[in-house]
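Quick note: the coordinates plus some simple rules give every number you see, no bench work behind them. Owing to the predicted nature of the structure, the values given are computational and were not obtained by experimental measurement. As a convention, Cβ positions derive from the backbone with ideal geometry for all residues, glycine included, and neighbour counts pool all protein chains shown.
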Amino acid sequence: MAMVRLETVHREYPLGTTVVHAVSGVSLAIDTGEFVSIVGPSGCGKTTILNMIGCIDTPTRGAVRFDGTDTRSLSDSAAADLRLKHIGFVFQSFNLVPVLTVRENVELPMMLAHGRPAERRRVSDHLIDAVGLSEFASHKPGELSGGQRQRVAIARALVNGPRLVIADEPTANLDSETGEAVLDVMRRLNREENVTFVFSTHDPDILQYASRIVRLRDGRVEKDNRAPAPETDGALQ
């Protein structure tokens, strides 16, 4: 059984006297361990689909299932619990807390999940090291480069041991070299930790990292291709 399954999903938004069809009849299954890129031009429905997969939004029609459960049937508290324990998020704007250190930012989801301080420290230090930022653990976000801040966001997304990480345009605010380094980190963690990644992009240069590419156009799946991604060592600067 797929971890996530979209079944003829539609998402519509009222806009004055008209209705915007953001997603129109999308069916998609995502298995554990995949590294999926959802691509397409602006306005094609990428973010809407990620929000529905991540239980931030629900479909107008159709179903989004996580481990077979229709997410529309979840209460607000149950959906929040699912997001906290099983889904990590990486945003293009980083969304780090500026007054907290790198370690404190990474630990924050564990603190919300009532993790014990010693365990928070152990897990956060492991992940900070995994993304190559051990020497910056006591720094605050304003003292880091854009690429370093995005790596902090990746570590934070992984701290509660999620099965799925959703990344919405994670390289959009980065230069090409830094963006490639960030994708290297994500791909390596996908292989080593068996975390499922689903990320959106409109940049064709980073598609080499995906093991599967889902192309959207006008709210519909235009093409769904599976292809082995090349092995990358992901040397981090």
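Miscellaneous remarks
- Computed over the chain with a Gaussian network model linking Cα atoms closer than 10 Å, the most mobile of R188, R116, R163 is R116.
- DSSP assigns beta bridges within the chain; of those with both partners inside it, close to 55 percent run antiparallel.
- For region 34-93, taking Cα atoms only, Rg and Dmax work out to 12.3, 34 Å respectively.
- Rg to Rh quotient for region 87-186, alpha carbon positions, Kirkwood Rh: 0.94
- Extending 7 Å from Cα along the Cβ direction at R191 and again at R72 yields two label points whose distance is 4.1 nm.
- Cα-Cα separations in the chain greater than 22 Å, expressed as whole percent: 52
- Sorted largest first, the spans of the alpha carbon positions of region 1-132 along the three principal axes are 51, 32, 28 Å.
- Förster-model FRET efficiency, 25 Å R0, D129 and A2, C-beta, rounded to 0.05: 0.20
- Remark on region 156-203: Rg and Dmax equal 10.8, 29 Å (Cα only).
- On the basis of the beta-carbon distance and an R0 of 35 Å, V20 and V97 show a calculated FRET efficiency of 0.60.
- With 0.36 nm allotted per residue and the present C-alpha distance subtracted, the T32-S176 stretch has 49.0 nm of extension available.
- Residue among I56, I128, I87 with the largest mean-square fluctuation in a Gaussian network model of the chain, springs linking Cα atoms under 10 Å: I56
- Springs join every pair of Cα atoms under 10 Å in this Gaussian network model of the chain, and among V20, V90, V214 the largest mean-square fluctuation is at V20.
- Under Karplus coefficients 6.51, -1.76 and 1.60, residue-wise ³J(HN,Hα) of region 202-213 in Hz, glycine/proline x: 10, 9, x, 6, 9, 6, 4, 7, 7, 8, 8, 10
- 222 nm mean residue ellipticity, helices alone, for the chain (DSSP H n ≥ 4; -39,500 (n - 2.57); rounded to 500): -10000 deg cm²/dmol
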